[in-house]
Amino acid sequence: QVQLVETGGGLVQAGGSLRLSCAASARTFSRYAMGWFRQAPGKEREFVAAFHRNGVGTYYGDAVKGRFTISRDNVKNTVYLQMNSLKPEDTAVYYCAARDGSGWSNPTNYKYWGQGTQVTVSS
């Protein structure tokens with residue numbers, strides 16, 4: 001069974017930073033490409049960042065480009081999302097997800113999801 005566990009959410013002031021972590025099993029980490037999405041109340045799930053299937057290339061949503069960075073630790077089987085210069089509009093539940101194909105920005109291409117972690121940015 002694939003398990004993805006996100007941690008690191010919380011409350012931060014605008015302009016601040018947070019780092020989210022997503023821990024996975026070794027088998028999951030080597031087999032699937034990982035990504036991050038977010039969902040604010042009343043809105044659709046939005047693509048944030050993802051790795052290419054090769055585990056090296058990265059992609060970012062337009063709203064977070066230049067502020068967020070996705071990275072990984074292959075020893076710890078963990079994916080990170082470093083979020084800088086946070087804005088109130090970044091407030092959402094953030095989800096880690098795993099896919100086994102292409103289409104990094106479409107949530108329907110992701111097979112497994114974590115439980116989500118709340119990020120709240122105050123103005």
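Hey, among the residues in region 48-69 that are hydrophobic (A, V, I, L, M, F, W, C) and farther than 18 Å from residue 18 by Cα, which one's modelled with the lowest pLDDT? Reasoning before the result, please.
Of all residues in region 48-69, those hydrophobic (A, V, I, L, M, F, W, C) come to 48-51, 56, 63-64, 68.
After this cut, where a residue has to be farther than 18 Å from residue 18 by Cα as well, the list is 51, 56.
Working: 51: 95, 56: 88.
For region 48-69, the residue satisfying everything is 56.
Among the conditions (1) under 15 Å from the mean Cα position of the chain (by Cα); (2) in a loop (DSSP other than H, G, I, E, B), residue 80 misses just one, which is (2). If the condition is being farther than 16 Å from residue 84 by Cα, of a type in the set (A, V, I, L, M, F, W, C) and in a loop (DSSP other than H, G, I, E, B), then region 24-72 contributes 40, 56.
When the residues of region 1-35 are filtered to those that are under 16 Å from residue 95 (Cβ atoms) and of a type in the set (S, T, N, Q), which remaining residue is modelled with the lowest pLDDT? So, considering only residues that are under 16 Å from residue 95 (Cβ atoms) and of a type in the set (S, T, N, Q), the one modelled with the lowest pLDDT is 28.
Among the residues of region 1-23, those identified as outside any loop (DSSP other than H, G, I, E, B) and under 15 Å from the mean Cα position of the chain (by Cα) are 4, 5, 6, 7, 10, 18, 19, 20, 21, 22, 23. Screening region 83-107 for residues that are of a type in the set (Gly, Ala, Ser) and assigned to a loop (DSSP other than H, G, I, E, B) and picking the one that is surrounded by the fewest Cβ atoms within 10 Å (Cβ to Cβ) gives 102.
The values are calculated or read from the model by the stated rules, or taken from the named source; none is laboratory data. Since this is a predicted model, take the numbers as computed values, not measurements. Cβ: placed from backbone, ideal geometry, glycine included. Neighbour counts: every protein chain shown.
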